[in-house]
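Novice: Supplied in structure tokens, the structure appears directly below.
The values are calculated or read from the model by the stated rules, or taken from the named source; none is laboratory data. The shown structure was predicted, so the numbers you read here are calculated from the model rather than taken from an experiment. Glycine gets a Cβ as well: all are built from the backbone with ideal geometry, and neighbour counts include every protein chain shown. Areas reflect the complete protein model, heavy atoms only, side chains present, ligands, DNA and RNA absent. Shrake-Rupley method; radii C 1.70, N 1.55, O 1.52, S 1.80 Å.
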Amino acid sequence: QVQLVESGGGLVQAGGSLRLSCVASGSISSINVMGWYRQAPGTQREFVATIVTSSGITNYRESVKGRFTISRDSAKNTVYLQMNSLKPEDTAVYYCAAGSSRWYWGQGTQVTVSS
């Protein structure tokens, strides 16, 4: 089992920045990839960014490339999502995810970008 706890969401004006954190605990060694997904009201959950835990290889949703950066601190079992140049359309609940033999999800953290 893997437990994930997110933090760092909040309200920010367009053009501002936020950094999300996700701390993993439990069966850490089983995790192959970690990532961030988001879900806005009335929409499906969508991929934002992922990072392969062993290699550090990253992948991003097209609309966030150049603005968001995913990173990891293996010593702290933590993954970060640095979000810059935020736009109102980035408003959503952001979920941390960890992939091993199955996907694990955090409880989500709200990000609201005002125009």
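Novice: In region 29-68, how many are more than 22 Å from Gln110 (Cβ to Cβ) and touching a helix residue (DSSP H, G or I) at 6+ places or on another chain (Cβ under 9 Å)?
Specialist: Number satisfying all stated conditions: 1.
Novice: Pick from region 86-107 the residues that are open to solvent by less than 20 Å² (accessible area, probe 1.4 Å) and in a loop (DSSP other than H, G, I, E, B): which of them is nearest to Ile51 (Cα to Cα)? Don't jump to the end; show me each part of the working.
Specialist: Within region 86-107, the subset open to solvent by less than 20 Å² (accessible area, probe 1.4 Å) is 86, 90, 92, 94, 96-99, 106.
Those left that are additionally in a loop (DSSP other than H, G, I, E, B): 86, 106.
Working: Leu86: 21, Gly106: 16 Å.
The qualifying residue nearest to Ile51 (Cα to Cα) is Gly106.
Novice: Filtering region 40-81 down to residues that are among the aliphatic types (A, V, I, L, M) and either modelled with pLDDT under 95 or part of a strand (DSSP E or B) (or both), which residue is nearest to Gly8 (Cα to Cα)? Break it down into steps so the answer makes sense when it comes.
Specialist: Of the residues in region 40-81, the ones among the aliphatic types (A, V, I, L, M) are 40, 48-49, 51-52, 57, 64, 70, 75, 79, 81.
Narrowing further to those that are either modelled with pLDDT under 95 or part of a strand (DSSP E or B) (or both): 48-49, 51-52, 70, 75, 79, 81.
Numbers: Val48: 16, Ala49: 16, Ile51: 19, Val52: 22, Ile70: 14, Ala75: 19, Val79: 12, Leu81: 9 Å.
Here the answer is Leu81.
Novice: Is at least one residue of region 49-66 exposed (fewer than 11 other Cβ atoms within 10 Å of the Cβ), acidic (Asp, Glu) and more than 24 Å from Gln1 (Cβ to Cβ)?
Specialist: yes
Novice: Here is a follow-up. Out of all the residues in region 72-85, is one or more in contact (Cβ under 8 Å) with a residue 60 or more places away in the chain, within 23 Å of Ser101 (Cα to Cα) and surrounded by 14 or more Cβ atoms within 10 Å (Cβ to Cβ)?
Specialist: Yes, the conditions are met somewhere in region 72-85.
Novice: Residue by residue through region 15-39, note down the ones that are in a loop (DSSP other than H, G, I, E, B) and surrounded by 14 or more Cβ atoms within 10 Å (Cβ to Cβ).
Specialist: We begin by selecting, within region 15-39, every residue in a loop (DSSP other than H, G, I, E, B); these are 15-17, 27, 31-32.
If the condition is that a residue be in a loop (DSSP other than H, G, I, E, B) and surrounded by 14 or more Cβ atoms within 10 Å (Cβ to Cβ), then Gly16, Ser27, Ile31 are the ones that fit.
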